[in-house]
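Bear in mind these aren't lab numbers, they're just calculated from the coordinates by the rules spelled out. None of these values were measured; they are calculated from a predicted model.
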């Protein structure tokens, strides 16, 4: 049975659609959190499903397309300026980085563990009622947003 964390012994590669941004992670990935806030929906075209990894376990292998956008004070979103792929979410000077789960090359072993900002979810989809939901951010841990 999967405990929702990625395989601690594995590393995972990923990147954008055009290949101008490539990254590699090692070690455990946090279970995926689905964020339904307006900013995440607008930057992704849907809701954002993101995992998180320690910055020490994250390495950019190629970044010629990487661009950072400050979406709100202290919060940056990383995307490819060439193909538009949404890739990263981070507060300034973080110890970890949020990574869009769909940007990994292959299986990661993680699953969606919860949904946040459900009060602002789109009206065109249903949220799995069997998973924890929060109408706002993560209770007592909003810095873990995406």
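Using alpha carbons only, the radius of gyration of the chain set against its Kirkwood radius gives Rg/Rh = 0.94. What separates the Cα centres of the stretch 14-47 and the stretch 52-131 is a distance of 3 Å.
Helical runs (DSSP H, four residues minimum) scored at -39500 (n - 2.57) apiece and divided by the length of the chain put the mean residue ellipticity at 222 nm at -1000 deg cm²/dmol.
Among 67, 92, 117, the largest mean-square fluctuation in a Gaussian network model of the chain (Cα springs under 10 Å) belongs to 92.
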